[in-house]
Amino acid sequence: MQMDALPIGAHHDLQVAPAPGRRRLASFPAMKDPERLDLTDNRYCVLLVVCDGLLLFRLDVGHYVVCNPTTRRWADLPRLPGGSLYVIEHDHREAGFYFHPPSGEYRLLCHCNPRSTMAVPAHYAVLSVGAVEPRRLEDVQATPIPNPAIPQGHPNYKTKYDNLIAPAALHGRLHWLEHPEAGLTDQMVVFDTVAETFSRMTPPPVTSGSDSLVNLLSTDGSLMASRITAGLSVDLWVLEGYGAAAMDVVGRWELRHRVDLPYHPLACILPNAVAGGDDGDVILGTPRAMRVYNVRTKTVRIVDDEPIDRLRFPEFPVGLLRENMVPHAFFHDRGHPSCLPLFHFLP
């Protein structure tokens, strides 16, 4: 497996020559043992998400590391406690990797779910990069997955949540369209990373919270929702009036952009808005090319025509990777971790 970087640029000036194309950043095997077909226990390492130029990898159940590909420094996150017993008795789901300004820490929020009635109740844990131990959120009551209060067959009954790891981060809050704390409602869920509390808010009018064609993005200082239309265009809804003030002023969803995409025979593999940026860029992944739409200039550029093989790597993330030269203390000048001997950065 390879990890590539694509320059997307902050401008859409057609008079400016495009930046160099796809560049290989790193290579690593997808499986520990190529002869085995078990995709769950045989993963070598899984790139989960990108945040502020830092890459979060899962090496094993409850074992995470962070890498800065610019400085090629690594750091550990505290492991969830209990060793193999914890792994057997609990499922845990990564629920957002984010920067916490008051402490200067990068944190991973995890939903820890008991597999048996003998285990501890469902709860949330915060894993801070460089910390020794995870920290349980004692004042937050977590909803089990699946929620025993929701009957099977109900639209909100779920045994898994596919996109908890990639919420839209804005104004010190994490936002999800689908989340266990929504309960029986069709509301979005918001986590205040400073107060460490959950709340709900009105979702965009194009989804009930279970529509796989809708994503949330934080773009150009706004909270946006993208939706694929029947004509394979991408609609971008903006939550107008939503700011850093109190949550009781939540604004109103407005349709502001529609991006038309060309037809392709692989249209059954739907395009989607996979990332947004502070400079107004929205990355649109399609079966044939990677496009960038800028909400300020309302222009579209093709930045790559080499498709991502979603049939082979359906969970491989796409995110904005910005060069990060901040000398974070939690890296402690640590180089390549011994637990990843087959992970190689390329020249």
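The values are calculated or read from the model by the stated rules, or taken from the named source; none is laboratory data. Keep in mind the model is a prediction, meaning the values are calculated, not measured. A quick note on method: Cβ atoms are made from the backbone with ideal geometry, for glycine too, and the neighbour counts reach across all protein chains shown. Each accessible area value is taken on the protein alone, full model and side chains, heavy atoms only, with ligands, DNA and RNA left out. Shrake-Rupley method; radii C 1.70, N 1.55, O 1.52, S 1.80 Å.
One line per residue, one yes/no per condition, for (1) under 18 Å from the mean Cα position of the chain (by Cα); (2) surrounded by 14 or more Cβ atoms within 10 Å (Cβ to Cβ); (3) at pLDDT 60 or above:
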| site | (1), (2), (3) |
| --- | --- |
| Arg252 | no, no, yes |
| Pro271 | yes, yes, no |
| Asp278 | yes, no, yes |
| Tyr293 | no, yes, yes |
| Pro307 | no, yes, no |
| Leu311 | no, no, no |
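Here is a check on your reading of the model: is Glu133 at pLDDT 85 or above, surrounded by fewer than 19 Cβ atoms within 10 Å (Cβ to Cβ) and touching a helix residue (DSSP H, G or I) at 6+ places or on another chain (Cβ under 9 Å)? Break it down stepwise before answering.
Working: at pLDDT 85 or above: yes; surrounded by fewer than 19 Cβ atoms within 10 Å (Cβ to Cβ): yes; touching a helix residue (DSSP H, G or I) at 6+ places or on another chain (Cβ under 9 Å): no.
Against the criterion (at pLDDT 85 or above, surrounded by fewer than 19 Cβ atoms within 10 Å (Cβ to Cβ) and touching a helix residue (DSSP H, G or I) at 6+ places or on another chain (Cβ under 9 Å)), Glu133 does not qualify.
Just a yes or no: is a residue in the range 164-174 at pLDDT 85 or above, open to solvent by less than 10 Å² (accessible area, probe 1.4 Å), in contact with a Pro (Cβ under 7 Å, 6 or more places away or on another chain) and not in a loop (DSSP other than H, G, I, E, B)? Can you show your working first?
The initial filter retains those residues of the range 164-174 that are at pLDDT 85 or above, namely 164-174.
Okay, now just the ones that are also open to solvent by less than 10 Å² (accessible area, probe 1.4 Å), so 164, 168, 174.
This time we only want the ones that are in contact with a Pro (Cβ under 7 Å, 6 or more places away or on another chain), so: 174.
If we keep only those that are not in a loop (DSSP other than H, G, I, E, B) too, we end up with 174.
Yes, because at least one residue in the range 164-174 is at pLDDT 85 or above, open to solvent by less than 10 Å² (accessible area, probe 1.4 Å), in contact with a Pro (Cβ under 7 Å, 6 or more places away or on another chain) and not in a loop (DSSP other than H, G, I, E, B).
What tally of residues in the range 175-192 results from selecting those that are in contact with a strand residue (DSSP E or B) (Cβ under 9 Å, 6 or more places away or on another chain) and either among the polar types (S, T, N, Q) or surrounded by fewer than 17 Cβ atoms within 10 Å (Cβ to Cβ) (or both)? Let's see the steps before the verdict.
Taking the range 175-192 first, the residues in contact with a strand residue (DSSP E or B) (Cβ under 9 Å, 6 or more places away or on another chain) are 175-183, 185, 187-192.
Within this subset, residues satisfying the condition of being either among the polar types (S, T, N, Q) or surrounded by fewer than 17 Cβ atoms within 10 Å (Cβ to Cβ) (or both) are 183, 185, 187, 192.
Count: 4.
Looking at the range 325-346 only, could you name the residues that are at pLDDT below 75 and more than 15 Å from Gly130 (Cα to Cα)? Working first, answer last.
Kept after step one, since they are at pLDDT below 75, are these residues of the range 325-346: 325, 332-335.
Result: Met325, single match.
Might you check whether a residue that is of a type in the set (Val, Ile, Thr), over 27 Å from Asp76 (Cα atoms) and touching a residue at least 24 places away in the same chain (Cβ under 8 Å) occurs anywhere in the range 150-170? So that I can check it myself, show each step before the final result.
Let us first name the residues in the range 150-170 that are of a type in the set (Val, Ile, Thr), namely 150, 159, 165.
Restricting the remaining residues to those that are over 27 Å from Asp76 (Cα atoms) gives 150, 159.
If we keep only those that are touching a residue at least 24 places away in the same chain (Cβ under 8 Å) as well, we get 150.
Yes, the range 150-170 contains a residue that is of a type in the set (Val, Ile, Thr), over 27 Å from Asp76 (Cα atoms) and touching a residue at least 24 places away in the same chain (Cβ under 8 Å).
When the residues of the range 52-91 are narrowed to those that are open to solvent by 50 Å² or more (accessible area, probe 1.4 Å) and acidic (Asp, Glu), which ends up modelled with the lowest pLDDT?
Glu89
Out of all the residues in the range 92-128, which are of a type in the set (A, V, I, L, M) and open to solvent by 10 Å² or more (accessible area, probe 1.4 Å)? Don't jump to the end; show me each part of the working.
Of the residues in the range 92-128, the ones of a type in the set (A, V, I, L, M) are 95, 108-109, 118-120, 122, 125-127.
Residues satisfying the conditions are Met118, Ala119, Val120, Ala122.
If you check Asp139 against the conditions, is it over 26 Å from Phe331 (Cα atoms), at pLDDT 90 or above, open to solvent by 30 Å² or more (accessible area, probe 1.4 Å) and charged (D, E, K, R)? It would help to see each step written out before you state the result.
Numbers: over 26 Å from Phe331 (Cα atoms): yes; at pLDDT 90 or above: yes; open to solvent by 30 Å² or more (accessible area, probe 1.4 Å): yes; charged (D, E, K, R): yes.
In short, yes.
Name the residues in the range 142-191 that are of a type in the set (Val, Ile, Thr) and closer than 16 Å to Val214 by Cβ, would you? Steps first, answer last, please.
To start, the set of residues in the range 142-191 that are of a type in the set (Val, Ile, Thr) comprises 143, 145, 150, 159, 165, 185, 189-190.
Of everything in the range 142-191, just one residue is of a type in the set (Val, Ile, Thr) and closer than 16 Å to Val214 by Cβ, namely Val189.
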